[in-house]
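What follows is calculated from the coordinates using simple rules that are stated; it is not laboratory data. This one's a predicted model, so the numbers in the text were calculated from it and none came from an experiment. With ideal geometry, Cβ positions are generated from the backbone for all residues, glycine too; neighbour counts draw on all protein chains shown.
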Amino acid sequence: MTCFKDRSFQRYKLERYFDLLDFDNNQRVNTKDLVLWGERAAANYEEAGIHVSEEKLKDMRKKMGRVFNCMTIFSWAGKNKKRFVNYGVTTSKLPFFKTIFRVLLLPAWHALDFKGNGELSLQDFYFVIVKPIGLTEEDAKIAFQVMDEDKNGMLSVEEFTQGVIDYFSDTEVTKHAFAYGGIKVDDVPEKYKECLQKSIEESWNDNEGEC
């Protein structure tokens with residue numbers, strides 16, 4: 001069953017992502033926010049006793065800044081939430097959007113792959129993607145579950161980029177709506193609740209499509 005014919009749910013996801021990334025709550029996102037994401041990820045490893053070299057940190061800062069500038073036209077799209085969301089919706093309609101977005105995501109993946117394994121365990125995913133933006137270990141488990149397509153307990157670059165791309169571009173409630181953790185049913189507008197609740201109950205254990 002298709003629940004939505006418009007882009008309202010996509011807008012909701014983009015607004016939520018903007019709020020997660022707006023670390024200082026100044027109603028704008030810029031390069032500093034994305035670099036801070038990476039620095040928080042590195043700090044998580046350090047706290048766990050896994051050293052991140054200064055060379056890797058410098059490389060991360062350079063790559064994350066470059067990625068953000070490319071994705072937002074040098075922070076133009078991050079000036080405020082409305083502009084960010086409208087820009088995300090508009091660009092997702094363009095031909096080859098998913099191909100271009102995938103290419104842009106690759107440097108971010110490599111920048112945050114501090115261990116150099118080329119893949120992320122659940123712990124790595126929590127340290128690198130989830131905890132830096134203020135989400136919980138439970139959110140990490142939810143997101144990891146829906147993105148780990150082959151269920152081998154490791155997240156590949158292909159699985160990660162597909163999850164992020166679908167989160168940004170899907171207009172329906174699909175499993176990748178949970179790519180950044182759980183979504184509370186009460187937080188979404190009324191017309192989304194039934195479909196979202198159904199997806200939560202199914203837990204996206206298999207390769208379900210739209211609910």
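Brief remarks on what is shown
- As a size descriptor, the averaged projected area of the C-alpha convex hull of the chain was calculated at 11.2 nm².
- At q = 0.21, 0.25, 0.30 Å⁻¹ the log10 of I(q)/I(0) for the stretch 147-206 amounts to -0.85, -1.10, -1.35, computed by Debye summation with a single uniform scatterer per C-alpha, solvent ignored.
- Pairs from the list Lys62/Lys93; Lys63/Lys115; Lys32/Lys79; Lys82/Lys193; Lys32/Lys63 with a Cα-Cα gap above 20 Å: Lys62/Lys93; Lys82/Lys193.
- Computed label-point distance, nm, for sites Leu94 and Asp186 using a 7 Å Cα→Cβ extension: 4.0 nm
- The angle between the Cα long axis of helix 81-92 and the longest principal axis of the Cα atoms of the chain comes to about 80 degrees, rounded to the nearest 10.
- Solvent-free Debye scattering, log10 I(q)/I(0), computed from the Cα coordinates of the stretch 87-211 at q = 0.12, 0.13, 0.17 Å⁻¹: -0.45, -0.54, -0.92
- Virtual spin-label span in nm between Gln197 and Ala48, 7 Å along Cα→Cβ: 3.6 nm
- Along each principal axis, Cα extent of the stretch 53-105, largest first, Å: 39, 26, 12
- Mean Cα-pair separation over length for the stretch 17-65, i.e. relative contact order, pairs under 8 Å, 6 or more apart, %: 36 percent
- Rule-of-thumb Rg ratio for the stretch 45-135 [Cα; 2.2 N^0.38 Å; N residues]: 1.23
- The ratio of the alpha-carbon radius of gyration of the stretch 84-147 to the globular-protein estimate 2.2 N^0.38 Å is 1.31.
- Eigenvalues of the alpha-carbon gyration tensor of the stretch 1-81, scaled by 5 and square-rooted, set the equivalent ellipsoid semi-axes at 29, 16, 12 angstrom, largest first.
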